[in-house]
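Report on the following structure.
Throughout, read-outs are computed from the coordinates displayed, never taken from laboratory work. Keep in mind the model is a prediction, meaning the values are calculated, not measured. Cβ coordinates were reconstructed from backbone atoms using ideal geometry, including for glycine residues, and neighbour counts include every protein chain displayed.
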């Protein structure tokens, strides 16, 4: 006895038509599952700029120089000193060479975990940039950015000649190489419901120091894995 109305409908078709219909339905279901996973669970992204070098590589062909400015959106913190343009060399992408081609790192992002917990300081996060980001950074509009979460809601973030202090306490940042640490200074307050981001490649990062913190609603999720190229596979 056939209980499924779709099965009853397919039984009326010739055998070849039934096989084709069954194959097409299976393919449609598989595509729907993949799209649902990408939309709500795990999404792959490439690295758009050199701001996270060498933690995450961008491809040399997509290198963008992103000179920070002193602009900050009203009410989202303030800087106490002018922001300086990074050295040109520091904005070079170090995309991995594999099979004769240069690739940016490809990462997987957990899109649902922030529904169950708050973002953690130190996580590498994908988020939607503010509308003024492209103008301030002098780059091309990108749908998302990838940077390190530094300041949480209510934090006072201070930079003193390249070193970061959270609420007066120096932040240990093993992910920032000495040669990539800048000499900037400034202070910012992170409002409730907002988050402060910086790139690991400080001398080439246009980040929250220039365009302010990011609201919780614009956070896509934390990076949990680099899956491409093969010699860069890692889990965070």
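Some points to look at:
- For the listed peptides 46-53, 173-180, 114-121, 130-137, a ranking on the average number of other beta carbons within 10 Å per residue, highest first, reads 46-53, 130-137, 173-180, 114-121.
- The range 185-236: relative contact order as a whole-number percent, Cα under 8 Å and 6+ apart: 26
- Projection of the Cα convex hull of the range 116-175, averaged over all directions and equal to a quarter of that hull's surface, yields 5.7 nm².
- For the range 114-236, alpha-carbon Rg and Dmax in angstrom: 14.3, 41
- Amide N of the range 110-134 lying under 20 Å from the label point, which is placed 7 angstrom from the Cα of residue 216 along Cα→Cβ: 110-130
- As a rough guide to protection, the peptides 141-154, 159-172 ranked by mean Cβ packing within 10 Å, highest first, stand as 141-154, 159-172.
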